[in-house]
Amino acid sequence: MRKAVVKTGAPAPDGALPETLPVAAAAGRPRFLVLGLLAITDGSETVVLQPSRPTSLLAALLLHPGAVVSADLLQRVVWGNRPPAGGRSALHTCVLRLRRLFSKYGVADRAIEAVPGGYRLHADADTLDLLQFRGLLTRAGASDDPESALHLGRAALRLWKGPLLGNVHSDELHRDHVPRLAEERLLAVERVFHGELRLGRHREMIAEAREAVHADPGHEGLSALLIEALYRSGRRAEALAEYRRIHAHLTTELGVEPGPALRDLQLAVLRGEPPGGAAALPGGTAALPRGGIPPPAIPEQQNGLGRASPLAPGALVLRTLVEAGLLEEGPSGRYRVHDLLRLFVQAAGTSLPASAPHDPTDLPPSAAG
C-alpha cells in the first residue's frame, strides 16, 4: 500500500498529502486520525494512507469504534454496489492486507476482531481522535465553569485537520456517514460560539463566525450566532444585512423560510431588545431600555452660517432607518419601505404606505408616531 509520511518538525516530502501534522500519541501508542485525511501517527511520524480498498475498510471501522460493522456494509464501502464474486472471501483478504499494514506501524493485530456477521475495531480516546473529540465535548458540557467549557470545546475543534476523509474513496461513506460527522463538528462550532457570547466576547468572535457562515451559508444556527454577535457589538445594520442574506439564501436556494428562532432574533434586533430575552447586553451591562442599542451616529448638517445643527427629529428617524437598511431613499425625496419594516409596523397594529414621503409629517398619524 502506498503511503505519505510526514515527520514532526520536518517539511513534508514530495508526494505527501497536505495538512497532515501529527497529533501526539499517548505513550508512543499508534493513533488513528479520521478528523481530516485518514492517517496513522505515533507522535513523531504521521502516515497518510493513500486511497485503496484497505483504507476504505479501515475508515468504515473507525467511524464505528467498538461496534460490530456488518460484512454487508463493509462490502458496500469497499466495492460499492458491485461486490466481487465470493464477496465474503474478498473482504477477508482485504482485512488481512489491513492487518499487515497494522503490523508495519505497530498497531496490535488484535485491534481488528472478527465476530459473527462482521468485524469490530477496538479504540479509545488515546488511539482515535474521533473519540477524543467526543470526550472533550462531553467534558465541556459537564463543566460548570464557562471558561473551562470554552477551552475544552476549542481543544476539540483543533483536532480537525483538512478535508474530512478526503483520501477515502467510498461513495457509501461520503453519502451516509461523513455528513453525520461534519454535523457533529458544526454542533461543536455552535457550542463554542455560544460560549464566546456567554463570556461577552461577541466582538472577538465576529471574524470567526463570518468565516463559518461563509463555509456553510445555509446554516441557520451559525447565521443566528453571527447576527447576535454583530447586534451585541452595536452593529445593528450589519446584523440585519446578515438576516437578509440568510433569508434570501433559504428562500431562493431551498424554497423555505427561516425558522422561528431566527425570525425572533430578527424582531429583537428591529425592536432593539436583548436577543433571546437575555437580561444583559454587551460586556455584561444591564439591558438597554426599549429601543436597545443606540442608532449609529448621524453627521450633523451645516446651516447657512456654517455652524453645525442637528437633524430634525423626523429626518433623524428616516436617516437611521436608511442606515439600518429598512428604508431605501428614492427620487423626489421619497422612500421605499422594506418588507421587514412593514411587517414590524403591521405587528404593532399600524400600517405604512408603499412609499414613504420625505417629510415624516406627511405619514399617516399612526405610522408617523
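Of all the residues in the range 53-71, those that are open to solvent by 30 Å² or more (accessible area, probe 1.4 Å) and more than 22 Å from residue 134 (Cα to Cα) number 2.
Filtering the range 50-62 to residues that are touching a Leu at 6+ places or on another chain (Cβ under 7 Å) and farther than 18 Å from residue 87 by Cα leaves 59, 62. The residues of the range 212-260 that are surrounded by fewer than 18 Cβ atoms within 10 Å (Cβ to Cβ), of a type in the set (D, E, K, R) and outside any helix (DSSP H, G or I), listed by number, are 216, 257. Tell me yes or no: at least one residue of the range 177-184 is open to solvent by less than 40 Å² (accessible area, probe 1.4 Å), within 30 Å of residue 100 (Cα to Cα) and assigned to a helix (DSSP H, G or I). Yes: one or more hits.
Among the residues of the range 151-176, the ones that are assigned to a loop (DSSP other than H, G, I, E, B), within 28 Å of residue 75 (Cα to Cα) and open to solvent by less than 60 Å² (accessible area, probe 1.4 Å) come to 8 in all. Being within 23 Å of residue 171 (Cα to Cα) and either within 35 Å of the chain's Cα centre (by Cα) or without any contact (Cβ under 8 Å) to a residue 24 or more places away in the chain (or both) is a property that does not hold for residue 131. List the residue pairs whose Cβ atoms are under 9 Å apart, where the first residue sits in the range 57-84 and is under 16 Å from residue 32 (Cβ atoms), the second is of a type in the set (Asp, Glu) and in a loop (DSSP other than H, G, I, E, B), and the two are 6 or more positions apart or on different chains. Filtered contacts from the range 57-84: 65/124; 66/124.
Here is a yes/no grid of residues against (1) surrounded by 20 or more Cβ atoms within 10 Å (Cβ to Cβ); (2) closer than 17 Å to residue 113 by Cα; (3) at pLDDT below 95; (4) among the hydrophobic types (A, V, I, L, M, F, W, C):
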site: 5; (1), (2), (3), (4): no, no, yes, yes
site: 11; (1), (2), (3), (4): no, no, yes, no
site: 20; (1), (2), (3), (4): yes, no, yes, no
site: 23; (1), (2), (3), (4): no, no, yes, yes
site: 28; (1), (2), (3), (4): no, no, yes, no
site: 36; (1), (2), (3), (4): yes, no, no, no
site: 48; (1), (2), (3), (4): yes, no, yes, yes
site: 82; (1), (2), (3), (4): no, no, yes, no
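Of the residues 74, 130, 98, the single one that is open to solvent by less than 20 Å² (accessible area, probe 1.4 Å) and either under 22 Å from residue 160 (Cα atoms) or not in a helix (DSSP H, G or I) (or both) is 130. Residues that are open to solvent by 30 Å² or more (accessible area, probe 1.4 Å), in a helix (DSSP H, G or I) and farther than 24 Å from residue 34 by Cβ within the range 185-200 comprise 194, 198, listed in sequence order. Take the conditions more than 30 Å from residue 82 (Cα to Cα) and among the polar types (S, T, N, Q) and apply them to residue 148. Does it pass? In short, yes.
The values are calculated or read from the model by the stated rules, or taken from the named source; none is laboratory data. The structure displayed is predicted, hence computed values, not measured ones. Because the Cβ atoms are built from the backbone with ideal geometry, glycine has one as well, and the counts that use them run over all protein chains shown. Only protein heavy atoms, including side chains, enter the accessible area calculation; ligands, DNA and RNA are left aside. Shrake-Rupley method; radii C 1.70, N 1.55, O 1.52, S 1.80 Å.
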